[in-house]
Structures are given as structure tokens and as C-alpha cells.
1. Could you pull out the residue among Lys205, Lys238, Lys228, Lys283 that is surrounded by fewer than 19 Cβ atoms within 10 Å (Cβ to Cβ), charged (D, E, K, R), farther than 23 Å from Tyr59 by Cα and at pLDDT below 95?
2. Of all the residues that make up region 91-114, how many are part of a helix (DSSP H, G or I) and surrounded by fewer than 20 Cβ atoms within 10 Å (Cβ to Cβ)?
3. If we keep just the residues of region 292-330 that are of a type in the set (A, V, I, L, M), over 24 Å from Asn246 (Cα atoms) and surrounded by fewer than 16 Cβ atoms within 10 Å (Cβ to Cβ), which is farthest from the chain's Cα centre (by Cα)?
4. I need a count of the residues in region 269-279 that are at negative phi and over 15 Å from the mean Cα position of the chain (by Cα).
5. Anything in region 301-322 that is in a loop (DSSP other than H, G, I, E, B) and either modelled with pLDDT of 95 or more or in contact with a strand residue (DSSP E or B) (Cβ under 6 Å, 6 or more places away or on another chain) (or both)? List them, or say none.
6. Would you tally the residues in region 264-295 being assigned to a helix (DSSP H, G or I) and in contact (Cβ under 8 Å) with a residue 40 or more places away in the chain?
7. Hand me the list of helices (runs of 4 or more DSSP H) wholly inside region 151-244 holding 1 or more residues that are hydroxyl-bearing (Ser, Thr, Tyr) and either under 20 Å from Pro126 (Cα atoms) or without any contact (Cβ under 8 Å) to a residue 12 or more places away in the chain (or both).
Amino acid sequence: DAHMHLDKALINEKISNRSGTLDEAIRIMGEYKPKMSIEDIKDRANRVLQRAYGNGTRYIRTHVDVDHTIKLNSLRALMEIREDWKDKIEIRIIAFPQEGIVENEEAFRYLKEAVEMGADIIGGIPAREKEPIKHIEMIFDLALKHDLDIDMHIDETDDPKSLTLRDLAEMALENDYIGRVSAGHCCSLAANEKEDILPILELVKEADLNIISLPSTNLYLQGRGDTKNIRRGITPIKYMIENDVNVFIASDNVRDAFNPFGNANLLQIALITAHGSHMGGEKDLQNLFDMTTHLPMEAFGFEKNLEVGNRANFIVLDAVSKPGAIISQAGLYGYFEDGKLCNKE
């Protein structure tokens with residue numbers, strides 16, 4: 001699961017986003033974060049991880065807020081979680097400056113401290129800034145200093161003019177960060193004509209960027225201002241595949257202020273994507289399955305399990321094909337750890 005927010009998971013048990021908008025989600029989370037204790041964060045994250053593990057997930061990249069409101073509490077909690085779960089799920093932590101850094105020196109200081117403490121990847125969210133390019137530059141400077149990969153929230157908006165993905169790709173090329181940068185959401189691409197975004201996709205491909213589409217959350221949040229022809233907000237996945245762009249799908253939010261839904265189940269995300277992106281053909285469904293399994297694993301440097309000589313850690317789904325696993329929402333038939341069958345339904 002290439003993009004989660006374990007620190008925010010299940011927070012809708014405590015707060016409610018009445019408008020269902022992204023702006024309110026960010027606002028009420030910002031108000032609530034100072035009240036979040038390390039034990040509370042760990043409790044909610046553990047419950048979601050138990051669900052994810054039961055659904056077959058063995059690798060997770062999670063964004064973790066670090067800023068002037070929560071300080072480093074979420075990071076400390078997730079670092080403990082990362083250690084606790086290391087024998088079952090490999091967790092990589094993305095230090096995420098949700099509240100911005102360009103005009104917030106304190107938040108940027110916490111981001112730098114998070115990197116020094118042991119965050120695996122540096123996140124970002126340029127579209128929330130008055131100077132988005134400055135935000136990207138600051139993140140690249142920090143990443144280059146520490147030799148860390150970058151994973152940003154990009155263009156999570158219906159505004160067709162918001163195209164910081166282009167700036168991100170150009171900066172990756174300028175800094176020779178080929179293959180080391182990821183972009184989540186990229187919703188604004190869906191508000192543009194295909195021929196207009198093709199030059200951006202060419203830059204993305206040249207920089208070997210990874211696009212992480214988050215259909216469940218984006219279907220819920222985007223299009224809120226439309227009164228007709230309501231936009232779905234899902235980045236154009238099929239068009240990206242046609243143009244050889246690295247694109248994956250992931251859970252994003254699980255029952256929090258941004259999305260009241262979610263079961264930490266990638267097969268469910270694949271089915272939602274199939275509906276929302278018109279991907280019902282056999283090849284489409286095979287692609288969706290691969291976009292939750294070996295494709296992100298290879299892009300992010302996780303161990304390829306199904307090769308001779310590797311640890312025999314893998315799951316067995318109760319299905320006879322990739323499309324069948326998605327359509328039937330196949331359950332976990334069993335799983336192996338170090339070559340031993342540990343569970344069988």
C-alpha cells in the first residue's frame with residue numbers, strides 16, 4: 001500500500017467533517033492534532049495495520065504529519081509502530097508537512113528534525129502554499145542534503161490550472177533525482193484535455209516519476225463545487241498506462257476527516273478504481289492488480305518475494321485470476337512466512 005496516513009486513521013471516531021470538503025478536513029485536523037497523544041496514534045494505527053495485514057498487505061508507505069501543531073508526536077508513534085510490526089509489515093515513513101513550510105519556519109524545523117530522527121522519505125504539499133515552487137525547492141534541498149526520496153501530495157484540486165506536477169518533474173530532472181520522486185493524487189490532470197497534459201506526462205516519464213492515484217479519497221472529496229458534470233477527481237490512469245507512465249493505486253485515508261470510508265484493503269481500492277476509471281476489461285483489471293503488487297514494490301525498492309533465494313513471504317488469494325480476485329473481492333486463502341504456512345481459511 002504505497003500511500004496511507006496511519007497517524008490519522010480512524011480519527012472520525014473523534015471528529016467529523018460536516019461539509020465533506022478537503023478544506024474542512026485540513027482545518028479540523030489542524031485543530032485536533034494538538035490533542036493527539038502518542039498512545040492514541042499507536043492505538044488507531046495498530047487497529048488499521050491489523051486489518052491491512054489480514055487483507056494481505058505486507059508493505060506500506062505512510063505519510064506522517066510533522067508540524068507546529070502535532071510537533072513530532074506522530075513521528076515518534078509511527079517509529080515505534082514501524083519497529084513493532086517489522087516482522088510482519090515493512091513500513092516506511094514519509095515526513096509530511098501538512099500545514100506548509102514556506103511561511104512557517106517552525107514547521108520546517110520540525111520537518112528537518114523528523115528527517116534527522118529517522119524518517120525514510122520526505123513529503124510535501126506545494127499546492128497549499130502561496131509559493132508552491134518555493135515549497136518544492138525547499139523539499140528538494142532537504143532531500144538532497146540527506147539523500148532521501150521524495151513523495152509529495154500534488155494538485156489535489158479540480159482547478160485545471162494547478163499543475164505543480166510539471167514543476168515537480170522539471171525539478172527532479174534538474175537535480176538528477178531520476179526515479180526518486182513520487183506524486184500522489186494529481187487530480188487536476190483529470191480537469192484538462194488529454195492533449196494538453198501529454199507534455200506534462202512526457203516530463204513525468206523522463207524523470208521516471210511515480211504517480212500514486214488515490215481513487216477512494218478523491219472520488220469522495222473532488223467535484224464538490226460542481227453542480228453538473230461532476231468531476232470524479234481521479235487522475236487519468238488509463239491514459240498514463242497508454243503513455244508508459246509509472247502509476248499505482250493506494251488506500252490513502254482510512255475513516256478519517258478526509259474520507260469516512262476504508263478497510264485497508266487494496267482489492268477494494270482496485271474495485272473502486274475499476275468503477276471510477278472505466279477499467280472493466282480483462283487487461284484493465286490485470287493492470288489494477290499489478291498496480292497494488294509488484295509494480296510499486298519494484299519502483300520503491302522492496303524485496304521481490306517471488307524469486308528463488310528470497311524469503312518465502314507471500315499471500316494466497318482465494319481466486320484463480322487477477323481479474324477474478326478484484327471482481328469477487330477474494331479473501332485471503334492463506335499466507336506464508338519464511339516458507340511456513342501460517343494461516344489457512
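1. Sole residue among the options that is surrounded by fewer than 19 Cβ atoms within 10 Å (Cβ to Cβ), charged (D, E, K, R), farther than 23 Å from Tyr59 by Cα and at pLDDT below 95: Lys228.
2. 5
3. Only one residue fits best here, namely Val308.
4. Of the residues in region 269-279, 7 are at negative phi and over 15 Å from the mean Cα position of the chain (by Cα).
5. Selection gives Phe302, Asn305, Ala312, Asn313, Asp318, Ala319, Val320, Ser321.
6. 15
7. Of the helices (runs of 4 or more DSSP H) lying wholly inside region 151-244, those with at least 1 residues that are hydroxyl-bearing (Ser, Thr, Tyr) and either under 20 Å from Pro126 (Cα atoms) or without any contact (Cβ under 8 Å) to a residue 12 or more places away in the chain (or both) span 164-174, 215-221.
The values are calculated or read from the model by the stated rules, or taken from the named source; none is laboratory data. The structure displayed is predicted, hence computed values, not measured ones. Here Cβ is always computed from backbone atoms with ideal geometry, including for glycine, and neighbour counts include all displayed protein chains.
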